[in-house]
Amino acid sequence: MEIRTFTGGGFGENAYLAVCADTGAAVVIDPGAGTPALVAAIQAEQIDVRAILLTHAHIDHVEGVFKVRGVAPDASVWIHPDALPMYRSMPNQAAMFGVDLDPLPEPTDHFVVGDSYDFGRCSLEVRFTPGHAPGHVTLCEHRVGVAFVGDVVFRGSIGRCDIPGADLKTLMKSIRGQILTLPDTTVLYAGHGPPTTVGTERVGNPFLIPHYGGELA
Ligand SMILES: [Zn+2]
Ligand SMILES: [Zn+2]
């Protein structure tokens, strides 16, 4: 699997293009402000985008869905049902940030936790990781050893929990139950910042190491 990153906007959001190296089948994950460059690559290289996969429904992760659909009209759009209310209220989110937003297409499919989304020889397991946003999912390619974690965990940090729909306890449960249970070598591709690994965050992330008393948050 080849993974390319397209970063953009004031939030520095990472959109990912994941291409099956054997078949050329591809998916777009969280098309944000970097979408124009992503769309240009799709067009220039005639990339076969099968689906747009959304980890959660914050505006910086979905604002490019319409543009990707413009060059891949048959691509399905996937989101977790719990994220739908926020996705559908995107005009309000856009207005809050003073952003002009293309209308977002209605999702075509709903993620089912535990199922996998397959493209070419790649297979992304859907893990339920709420806490930062309702219906947040993490997508894990176990054979390759990578996970697209959205805004659950970052290099040296974790997702914001001081925003509507967020809850720190729920987020910590998601990280410990769904992310730190992956092998240490798993590469984590986050919604913001550089990639990291499970092992790096397990021992080095100040939000995840035990407090001095030995207790886990
Ligand atoms: Zn977010
Ligand atoms: Zn984000």
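The values are calculated or read from the model by the stated rules, or taken from the named source; none is laboratory data. None of the values given here were measured: they were computed from a predicted structure. Positions of Cβ are generated from backbone atoms using ideal geometry, with glycine treated the same way; all protein chains shown enter the neighbour counts. Quick note on the areas: whole protein, heavy atoms, side chains included, nothing else; ligands and nucleic acids left out. Shrake-Rupley method; radii C 1.70, N 1.55, O 1.52, S 1.80 Å.
With the condition being among the hydrophobic types (A, V, I, L, M, F, W, C) and touching a helix residue (DSSP H, G or I) at 6+ places or on another chain (Cβ under 9 Å), I'd like the helices (runs of 4 or more DSSP H) fully within region 81-178 carrying at least 3 qualifying residues.
On the way: elements: 84-88, 90-96, 168-174.
Once the helices (runs of 4 or more DSSP H) in region 81-178 are filtered for at least 3 residues that are among the hydrophobic types (A, V, I, L, M, F, W, C) and touching a helix residue (DSSP H, G or I) at 6+ places or on another chain (Cβ under 9 Å), what remains is 90-96.
Can you confirm whether region 107-129 contains a residue that is farther than 30 Å from Thr23 by Cα and of a type outside the set (Val, Ile, Thr)? Spell out how you get there, then give the answer.
Step one: of region 107-129, the residues farther than 30 Å from Thr23 by Cα are none.
Checking region 107-129: not a single residue is farther than 30 Å from Thr23 by Cα and of a type outside the set (Val, Ile, Thr).
Name the single residue that is farthest from the chain's Cα centre (by Cα) among those in region 49-79 being within 16 Å of ligand 2 (Cβ to nearest atom) and open to solvent by 20 Å² or more (accessible area, probe 1.4 Å).
Glu63
Against the definition (without any contact (Cβ under 8 Å) to a residue 60 or more places away in the chain, in contact with a helix residue (DSSP H, G or I) (Cβ under 6 Å, 6 or more places away or on another chain) and within 13 Å of ligand 1 (Cβ to nearest atom)), how does Ile42 come out, yes or no?
On the way: without any contact (Cβ under 8 Å) to a residue 60 or more places away in the chain: yes; in contact with a helix residue (DSSP H, G or I) (Cβ under 6 Å, 6 or more places away or on another chain): yes; within 13 Å of ligand 1 (Cβ to nearest atom): no.
No.
Only one of these conditions is not met by Ser116: (1) open to solvent by less than 10 Å² (accessible area, probe 1.4 Å); (2) at pLDDT 95 or above. Which number is it?
In the conditions (1) open to solvent by less than 10 Å² (accessible area, probe 1.4 Å); (2) at pLDDT 95 or above, Ser116 misses (1) alone.
I'd like the full set of residues that are within 16 Å of ligand 1 (Cβ to nearest atom) and either of a type in the set (A, V, I, L, M) or at positive phi (or both), limited to region 45-68.
Start the filter on region 45-68 by keeping residues that are within 16 Å of ligand 1 (Cβ to nearest atom), which leaves 53-65.
Hits for region 45-68 are Leu53, Leu54, Ala57, Ile59, Val62, Val65.
Tally time: how many residues in region 128-171 are over 14 Å from Tyr189 (Cβ atoms) and away from ligand 1 (no atom under 16 Å from the Cβ)?
So the answer is 4.
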